[in-house]
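Okay, structure first, notes after.
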Amino acid sequence: MIRPTKEEIRELPLYKGLALNDITIIESKHDAADALKKLKAEVCLGFDTETKPIFNKGEKSPGPTLIQLSTQEKAYLFPTRFPDAVAAAREILSDPKIEKVGFGIKGDNKELRSKLNIEIANTQDLSITLKNLAGEKNSIGARAAVAMVLKSRLGKGAQKSNWGAYPLKSSQILYAANDAHSAICVLNALNAKNTIDSSI
């Protein structure tokens, strides 16, 4: 498994991922209860966070403004401005029976702990997993991972948008959901490959 160049990634088809009707934004107690019911049935979830960008020198990060959790079929976005959303995300993230997978999640974990008092349990950082598989010196981010494993190009158009603004734009909703969705898809593809390799 070899890390592709930026030029090679640009030539790949765009990652399709989830559509807007596959994404639920958690704002209320009812939303949270419905999400918990579905997410607690999973053994592994794609995970990511988004944070409001810092515009002024010396300004401190407010911490994550959005938490994303995804299955292979559906993503749930938890804006941290809603207490019910934070409580639901905390319940899933701290559950040791559910594995959370993502890219470069050490920073996410630190911010969740310090800003939102969320102790995340049972995680796998795919950046490190793929780094070891590829024999690379540096960790591998989401865009390179999706290219390596899924042969697709992960869009990054909304990456530096204002995540502190609400409501979120459609482009932000799709970007955030598919960052988490791509993580679970990469892991499932790696597991499928390992199953095939072990059966040969």
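DSSP H helices in the chain with Cα extent of 24 Å or more along the helix axis and mean Kyte-Doolittle hydropathy at least 0.0?
Working: long enough: 170-199 (43 Å, 0.16).
Those that pass (Cα extent of 24 Å or more, hydropathy at least 0.0) are 170-199.
Take the solvent-accessible surface of the protein heavy atoms, probe 1.4 Å, and return the percent of it on the chain that carbon and sulfur atoms account for. Each step should come with its number before you reach the end.
Values: 5520 of 10610 Å².
Roughly 52 percent, rounded to a whole number.
So which of Lys57/Lys115; Lys74/Lys106; Lys6/Lys131 end up more than 22 Å apart by C-alpha?
Numbers: Lys57/Lys115 20 Å; Lys74/Lys106 24 Å; Lys6/Lys131 17 Å.
Violating the 22 Å Cα-Cα cut-off are Lys74/Lys106.
For a quick protection proxy, order the peptides 86-92, 59-65 by their average other-Cβ count within 10 Å, most packed first.
86-92, 59-65
Determine the relative contact order of the chain: mean sequence separation of Cα pairs under 8 Å and six or more apart, normalised by residue count, in whole percent. Intermediate values should be presented prior to the final figure.
Working: 358 pairs, mean separation 57.9, N = 200.
It rounds to 29 percent for the chain.
In a shell of Cβ-Cβ distance under 12 Å around Asp34, excluding Asp34 itself, what net charge do Lys and Arg (+1) and Asp and Glu (-1) give?
Every neighbour counted, the sum reads +2.
Cα-Cα pairs above 14 Å in the stretch 81-133: how many percent?
More than 14 Å apart: 55 percent of the Cα pairs in the stretch 81-133.
What number do you get for the stretch 83-200 when its Cα radius of gyration is normalised by 2.2 N^0.38 Å, N = residues?
Normalised Rg, Cα atoms only: 1.16.
With the alpha-carbon atoms as the only input, what is the per residue convex hull volume for the stretch 1-103 in Å³?
Here the figure is 167 Å³ per residue.
Determine the percent antiparallel among the DSSP beta bridges restricted to the chain, to the nearest 5.
50 percent
In what sequence, largest accessible area first, do Phe82, Phe103, Phe47 appear using a 1.4 Å probe?
Sorted descending by solvent-accessible area, the residues read Phe82, Phe103, Phe47.
Which number do you get for Rg(Cα) / (2.2 N^0.38 Å) in the chain?
Working it through for the chain, the quotient is 1.00.
The values are calculated or read from the model by the stated rules, or taken from the named source; none is laboratory data. On a predicted model such as this, the values are computed, not experimentally measured, just so you know. Note that each Cβ is placed from the backbone with ideal geometry, even for glycine, and that neighbours are counted across all protein chains shown. Heavy atoms of the whole protein, side chains included, go into the accessibility calculation; ligands, DNA and RNA do not. Shrake-Rupley method; radii C 1.70, N 1.55, O 1.52, S 1.80 Å.
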